[in-house]
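Structure, as structure tokens:
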Amino acid sequence: MADNHDLLILPEQGDSSIVLSEPRSNLAARGRKDASEILKIDIGERCFAGVMVKGKWGFIRKNGTFIVEPKYGIVEHFSSKLAAFSYSTDRNEARWGYLDLSGCVSVPEQFEKAGEFCEGLAAVMYNGKHGYIRRDGTFAIEPRFEFAQPFRDGSAVVRIGSKARLVDKLGKYVGGVFDAIHQSSGRALEVRIGAKSGFVNRQGELLIDPTYEVVRDVDGGYGWSARVSWGDAMGLISYDGNLITIAESGWIITRYDEPDGVIHLCSRSLNGHERFIDRDGKMLFERKTTKRAVGSFNGGVALVSCDFPYYIDKNGKRLTEDSSRAIGKFSGGRGIVESGGRYGYIDAVGNHITPVQYLDANQFMDGYAQVLVENDGWQWIDINGDRVAEPHFKENGNTPLRAKPFDDPWETRPVRTIPPHFKEGFCSVLVNGKWGYVNTKCQVVVPPIYSHARSFFNGIAAVGDENGKWGFIDSAGELVMSCQFDQVRTLENPRSY
Amino acid sequence: MVLEIVRKQTPEEEELLRKREELASVRAALAERELELADFRAQLKSFEGRYLRQVGVLYAELDDWEAKIAEIEASLKPSTTASQRAQETRKRAEETHEATHGEASKARDFQPSADLKRLFREAAKRIHPDFAKDEADRELRTRLMAQVNAAYSQGDADALQRILDEFGNSPESVQGEGVGAELVRIIRQIHQAKKNIAAIEQELSCLRASEIAQLKQDAETAEQDGRDLLAELAADVRERIDGVKKKHKALSAELKTNGR
């Protein structure tokens with residue numbers, strides 16, 4: 001008899017697919033590796049949420065029993081699976097330590113101040129000086145600074161006496177000594193000596209000598225690190241510390257729409273002009289400054305605000321017809337246009353994505369927009385203008401939640417979450433001032449009876465009643481813990497804690 | 001006094017009886033192990049399908065973004081290493097996409113009924129190629145057993161019944177076979193069946209040690225703690241996608257600035 005078992009038994013199709021190909025096998029291995037990391041975070045039975053009772057924080061299991069009775073005065077947010085805490089509720093008097101994800105003390109309270117863990121270290125104040133501790137509470141950098149900021153990209157800003165420096169994780173100083181170092185969300189740090197500013201990177205290397213005066217709007221979310229000036233001239237420093245644009249004399253840099261690379265300049269003279277240039281300084285278009293204000297460019301399009309607003313592209317070309325009014329900022333690659341009391345959407349070159357047909361329309365976000373359809377209520381459409389859900393919300397699948405949902409759009413809008421933000425298949429919705437939940441088919445699964453409603457996590461969501469008390473419901477809408485807590489804090493998304 | 005003449009069985013005939021009993025027992029054991037194997041394969045296939053649909057697609061998206069990033073980085077700072085890295089990352093993204101969107105991702109949940117299991121056991125006992133009498137019979141049984149496995153993994157009890165009915169019309173034993181020849185055949189069948197039971201054990205061990213089976217085990221353990229491991233894994237990968245998207249955006253802007 002043949003000695004080849006596999007040949008005899010393996011079918012020609014079907015089960016043989018479980019003999020994994022290399023890519024599938026690798027994919028499984030990858031998932032398993034990541035899963036093992038996730039499983040290390042024990043959140044299930046041990047600790048589900050922090051709850052406040054009579055002004056003190058405790059921690060409960062998923063079944064509602066306390067794993068740690070309420071006793072902490074302050075518990076900060078978790079960072080790297082640890083949260084600073086104190087028994088006192090008075091921050092000035094507090095001694096701080098750290099709790100782990102089970103709500104138990106990991107580092108006993110001993111510090112006058114305690115920051116979040118960043119890149120494995122937390123800045124703390126001990127005996128009046130700042131230093132950095134490891135996760136086990138031991139000092140990685142002994143307290144010797146007047147002030148210490150969190151680590152980022154391997155370095156942190158510290159203050160010694162009246163001077164500011166960068167320090168690495170071994171406590172070694174990197175780069176020069178400055179009067180001040182300003183952190184920003186970019187890769188470059190502004191360093192100041194006297195009244196002059198320059199820029200260094202996170203390794204302390206000088207990118208731009210401190211020779212400029214910085215216009216005080218560093219990192220204001222404008223897509224730059226700073227506007228700098230010298231004499232009458234003005235320049236723009238990018239996030240990575242490069243001087244990317246120098247404005248001609250007589251011009252002021254006012255805005256930089258970083259994703260589109262459009263820089264807005266205004267003439268210093270009153271009643272002058274405004275100019276739009278790209279990052280290379282090339283003129284895109286110039287116009288006389290009028291009451292018509294050009295907003296930020298987004299997706300290559302900007303809204304021109306005036307009595308009859310319209311959209312323009314990066315060359316200043318008008319995208320909307322004369323009869324159409326632009327509504328709001330261009331968002332998600334789509335702009336809203338209104339004509340004759342009806343709304344529709346256009347794309348970045350002015351093509352209509354939907355007819356101008358809706359009674360109301362909201363901006364696109366994350367690929368979805370909410371529109372009000374005549375006789376059909378509120379519904380969601382996707383980026384192509386196609387419906388993505390049932391036309392409107394109906395209670396128990398029968399009665400519309402509102403007979404006239406569009407009498408007053410602000411009051412009667414059935415869903416406040418725009419775009420629909422689903423977690424674990426549920427999205428909280430506001431109906432007549434009360435919160436409930438719908439599923440991905442927009443069917444009401446938890447009736448709107450709560451004053452507050454948070455996202456689902458592990459099949460449980462925190463809800464608040466009209467007395468300001470919090471409890472938890474399951475995905476069937478059953479109250480698994482009655483509204484009894486002053487505050488609750490679920491450990492949503494354990495990877496971020 | 002009525003005397004009944006009873007023919008005394010020869011030692012060969014007694015041995016044949018014992019071996020037939022042993023064969024029946026081994027057949028049952030082999031069928032049981034085949035069922036276990038088929039069951040485990042189908043469960044794994046079903047879990048893998050769920051994993052690919054829920055998490056695999058996200059890995060494919062993540063890899064695609066990472067490939068895009070590597071390609072931009074190669075444009076920003078051209079070098080042999082950067083170009084090689086971009087190619088490797090793209091290849092991996094393509095592989096992940098292929099693995100994620102193939103047939104395996106379409107596998108649905110598998111929950112075999114008691115009746116389905118009974119039919120499979122019966123089919124394995126009667127049809128298994130180990131119990132073939134000759135080469136032609138073995139060929140027929142191999143074909144039918146493949147159909148049995150496929151029907152089981154699809155939860156198709158009707159198909160299993162049809163296969164059994166078809167096989168029921170096949171001759172069970174070879175006429176005119178002498179005791180000695182039958183004894184030799186049965187001994188070989190028992191030997192082969194035992195070897196196959198051992199082979200199935202080994203295959204089950206290999207399958208249980210596979211990454212997908214280990215992941216399934218992890219998911220089941222997590223489920224006992226009220227956790228949905230695949231959902232958590234998907235959330236984790238989504239976060240990473242958000243991170244690489246931001247990086248991609250920043251690099252794209254840089255690329256635009258450099259006019260490349």
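Read-outs: derived from the displayed coordinates by stated rules, not from any lab. Just so it is clear, the model here is predicted, and its values are computed rather than measured. Quick reminder, even Gly has a Cβ in these numbers, built from the backbone with ideal geometry, and neighbours come from all protein chains shown.
Full extension of the segment from A:Lys317 to A:Tyr173, taken as 0.36 nm per residue of separation minus the current Cα-Cα distance, would add 46.6 nm.
For the range B:57-113, the spread of Cα positions along the three principal axes, ordered from largest to smallest, is 60, 14, 10 Å.
Shielding value for A:450-463 is 1, the average number of Cβ atoms from other chains within 10 Å of each residue's Cβ.
Residue by residue along B:57-69, Cβ atoms of other protein chains within 10 Å of the local Cβ number 1 on average. Counted residue by residue at 0.36 nm each, then reduced by the alpha carbon distance between them, the extension gain from A:Glu213 to A:Val53 reaches 52.4 nm. Spin-label pair A:Asp474-A:Asp386: with each label point 7 Å from Cα along the Cα-Cβ axis, the two points sit 3.7 nm from one another. With R₀ set to 30 Å, the beta-carbon distance separating A:Cys266 from B:Leu76 gives a calculated FRET efficiency near 0.40.
Whole angstrom only: what separates the Cα centroid of the range A:272-287 from the Cα centroid of the range A:45-123? Here the two parts' Cα centres lie 53 Å apart.
Each distinct pair of alpha carbons in the range B:58-208 adds a 1/r term; the inverse of their mean, the Kirkwood radius, is 19.9 Å. For A:Asp136 and B:Gln84, the FRET efficiency from 1/(1 + (r/R0)^6), where r spans their Cβ atoms and R0 equals 45 Å, is about 0.65.
Under 5 Å between amide hydrogens, built in the peptide plane, is the criterion, and for A:Ser106 it picks out A:Tyr98, A:Leu99, A:Asp100 among residues at least 5 positions away or on other chains.
Full extension of the chain segment joining A:His273 with A:Thr254 gains 5.6 nm, where the gain is 0.36 nm per residue of separation less the Cα-Cα distance. Contact order for the range A:63-166, expressed relative to its length and based on alpha carbon pairs under 8 Å spaced 6+ residues apart, stands at 15 percent. Residue-wise HN-Hα couplings along the range B:50-57, as the Karplus relation 6.51 cos²θ - 1.76 cosθ + 1.60 with θ = phi - 60° gives them from phi, are 5, 4, 5, 6, 8, 10, x, 4 Hz; Gly and Pro carry x. Computed from backbone phi, the HN-Hα couplings of the range B:156-164 come to 9, 5, 4, 4, 4, 4, 5, 5, 5 Hz, rounded to whole numbers (Karplus: 6.51 cos²θ - 1.76 cosθ + 1.60, θ = phi - 60°; Gly and Pro given as x).
Both radii come from the Cα set of the range B:1-139: Rg as radius of gyration, Rh as Kirkwood radius; their ratio Rg/Rh reads 1.41. Normalising the average separation of contacting C-alpha pairs (under 8 angstrom, six or more residues apart) by the number of residues puts the relative contact order of chain B at 33 percent. When the square roots of the Cα gyration tensor eigenvalues are ordered a ≥ b ≥ c, the ratio a/c for the range A:120-169 is 1.5 or more and a/b does not exceed b/c, which makes its shape oblate. A straight Cα-to-Cα reach below 25 Å connects B:Lys19 with the lysines B:Lys8, B:Lys125, B:Lys133, B:Lys194, B:Lys195, residues fewer than 8 places away in its own chain not being considered.
Note on A:Thr211, A:Thr254: ascending count of other Cβ atoms within 10 Å places them as A:Thr211, A:Thr254, the fewest first.
Taking 30 Å as the limit for the C-alpha separation, the pairs A:Lys423/B:Lys249; A:Lys33/A:Lys172; A:Lys33/A:Lys113; A:Lys33/A:Lys56; A:Lys163/B:Lys249 exceed it in the case of A:Lys33/A:Lys172; A:Lys33/A:Lys113; A:Lys33/A:Lys56; A:Lys163/B:Lys249.
Listed by chain and number, the lysines whose C-alpha is less than 28 Å from the C-alpha of B:Lys256, apart from same-chain residues fewer than 8 away, are A:Lys282, A:Lys314, A:Lys317, A:Lys329, B:Lys68, B:Lys77, B:Lys91, B:Lys245, B:Lys246, B:Lys247. Counting, for every residue in B:210-217, the Cβ atoms of other protein chains within 10 Å of its Cβ and taking the mean gives 6.
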